[in-house]
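The structure appears right after this line, and notes come after that.
The values are calculated or read from the model by the stated rules, or taken from the named source; none is laboratory data. Keep in mind it's a predicted model, so treat the numbers as computed, not measured. We place every Cβ from the backbone using ideal geometry, glycine too, and count neighbours over all the protein chains shown. Protein only, heavy atoms only, side chains kept; ligands, DNA and RNA dropped before computing areas. Shrake-Rupley method; radii C 1.70, N 1.55, O 1.52, S 1.80 Å.
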Amino acid sequence: MDGFKSLISRRLRITSGPGALSRLRRGLREVLVLDLRRPEARAMAMLAVEEAVANILEHGYGNRAGLPVEITLRIGEGERFAVVLRDRAPVVDVTALPPRDLDRLARDLATRGRGLAMVRRIAESMRHRPRRGGGNELTLFFDAERLAGGAETLSGKAA
């Protein structure tokens, strides 16, 4: 989303290991409810963020415990918002994977490998930057109105 301007910013930090995704869900629920009034938009954003973080924990960190993931929610104008994920995993630009490869992965892996394809379908756009000192910064851009209006359509396409 070109020209995205953050009006409000909220942070959450989790560490990898047992219970990391539960802590993420709990923290996200608390943060998203403060600024996103549409429950469908909250649910879709939570799904996308959870899938992206699960990808970091499994593939970036190899399920090792004690490694940080910082999540920043940035509320913009209108119903636009962004979620920034920062990690210290090896640098991998997940936005560089062609969408057709993600669809193929989803088909080939049947029950696994769909998370990134789902994130890509839910988010308006994604941006990756390597972090100084190592790691990744992945920004997911969303439009709450689009998410609320298309929750069924988006979830159906991602399945």
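Is it true that Arg29 is within 22 Å of Gly134 (Cα to Cα), surrounded by fewer than 15 Cβ atoms within 10 Å (Cβ to Cβ) and of a type outside the set (Ser, Thr, Tyr)? Can you show your working first?
Working: within 22 Å of Gly134 (Cα to Cα): no; surrounded by fewer than 15 Cβ atoms within 10 Å (Cβ to Cβ): yes; of a type outside the set (Ser, Thr, Tyr): yes.
Answer is no for this residue.
Restricting attention to the stretch 43-74, the residues being open to solvent by 50 Å² or more (accessible area, probe 1.4 Å) and farther than 22 Å from Ser16 by Cα number 2. Does the stretch 72-99 hold any residues that are touching a residue at least 60 places away in the same chain (Cβ under 8 Å) and in contact with a helix residue (DSSP H, G or I) (Cβ under 7 Å, 6 or more places away or on another chain), and which are they? Result: Leu73, Ile75, Glu79, Phe81. Residue pairs whose Cβ atoms lie under 7 Å apart, separated by 6 or more positions or on different chains, with the first residue in the stretch 1-22 and among the small types (Gly, Ala, Ser) and the second modelled with pLDDT of 95 or more and open to solvent by 80 Å² or more (accessible area, probe 1.4 Å), are Ser16/Arg64. Within the stretch 5-24, if we keep just the residues that are basic (Lys, Arg) and within 19 Å of Ala144 (Cβ to Cβ), the residue that is surrounded by the most Cβ atoms within 10 Å (Cβ to Cβ) turns out to be Arg10.
For Glu58, state whether it is in contact (Cβ under 8 Å) with a residue 40 or more places away in the chain and acidic (Asp, Glu). It would help to see each step written out before you state the result.
Values: in contact (Cβ under 8 Å) with a residue 40 or more places away in the chain: no; acidic (Asp, Glu): yes.
So Glu58 does not fit the description; no.
The set of residues in the stretch 1-28 that are under 20 Å from Leu138 (Cβ atoms) and in a helix (DSSP H, G or I) comprises Ala20, Leu21, Arg23, Leu24, Arg25, Gly27, Leu28.
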